Amino acid sequence: QSVLTQPPSASGTPGQTVTISCSGSSSNIAVNTANWYQQVPGTAPKLLIYGSNQRPSGVPGRFSGSRSGASASLVISGLQSEDEADYYCASWDDGLDAYVFGAGTKVVVL
Amino acid sequence: VQLLESGGGLVQPGGSLRLSCSASGFIFDNYAMNWVRQAPGKGLEWVSAITGSGTTTHHAASVKGRFTISRDNSRRKLYLQMNSLRAEDTAVYYCAKDSFSVPQFGVDHWGQGTLVTVSS
């Protein structure tokens, strides 16, 4: 059972908007930043969003993040076929003294 | 930023293995470092973290007492000593750079990973 809760899957057609939620608690997302990672199967993860809503250079503008209380969200606007991947949220948990990941959300482009 | 892991392989249950990670492209001792693993077909699991100075370490409950993270800043290397290995430790192990000198801000760069298989 993951400390951070994500839906197991999400899908959309090209051009649509997909939102992935990440529910945490008062010991992680509520007090520490949330990060999001994209992982194409067979490759290493890649940082997509840091500090809950910041994009590293090189990440397309269609990816955006937000945080509200103990929850975070990743939005993919204008879904593209190359966005088909697994997406993980993560945050430091002060109670566990650990960096915790969600179980991951598989995004399928229909 | 480049992170290159080595040391993975096949080991019997109860055995030991030491993973290494060679870092380049950034000021190594300015940043905390992590090990994150991924079992076959499963999600990401954080294993261990160490501060930039090497004075403080953190380990997941699942590996506490069996795994030890360490670093040699003069050689720009990160290590993971794994003892009393179990079948459930089978995974790809990623070396991962943190975004600050302490691990509370999260991973921003990843290596390509090294596979550890625990089996008789």
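The values are calculated or read from the model by the stated rules, or taken from the named source; none is laboratory data. Predicted, not measured: the structure shown is a model, and the values here were computed from it. Neighbour counts run over all protein chains shown; Cβ positions are idealised from the backbone, glycine included. Surface areas here come from the heavy atoms of the whole protein model, side chains and all, with no ligands, DNA or RNA. Shrake-Rupley method; radii C 1.70, N 1.55, O 1.52, S 1.80 Å.
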If you go through segment B:68-100, how many residues are more than 14 Å from chain A (Cβ to nearest Cβ) and part of a loop (DSSP other than H, G, I, E, B)? 9
Which of the numbered conditions does A:SER66 fail, given that it passes all the others? Conditions: (1) more than 12 Å from every other protein chain (Cβ to nearest Cβ); (2) without any contact (Cβ under 8 Å) to a residue 60 or more places away in the chain; (3) within 14 Å of A:VAL100 (Cα to Cα). (3)
Segment A:33-45 residues that are on the phi < 0 side of the Ramachandran plot, paired with ones that are open to solvent by less than 60 Å² (accessible area, probe 1.4 Å) and among the acidic types (Asp, Glu) (beta carbon under 6 Å, 6 or more apart): A:GLN39/A:ASP86
For B:ALA61, work out the one condition from (1) more than 14 Å from chain A (Cβ to nearest Cβ); (2) surrounded by fewer than 20 Cβ atoms within 10 Å (Cβ to Cβ) it doesn't fulfil. (1)
Of the residues in segment B:101-120, those that are open to solvent by 60 Å² or more (accessible area, probe 1.4 Å), within 14 Å of chain A (Cβ to nearest Cβ) and assigned to a loop (DSSP other than H, G, I, E, B) number 1
If you check B:VAL47 against the conditions, is it surrounded by 15 or more Cβ atoms within 10 Å (Cβ to Cβ), among the β-branched types (Val, Ile, Thr), within 14 Å of another protein chain (Cβ to nearest Cβ) and not in a strand (DSSP E or B)? no
Restricting to strands (runs of 3 or more DSSP E) lying wholly in segment A:1-97: which have 1 or more residues that are more than 16 Å from B:TRP46 (Cβ to Cβ) and among the basic types (Lys, Arg)? A:46-49, A:63-68
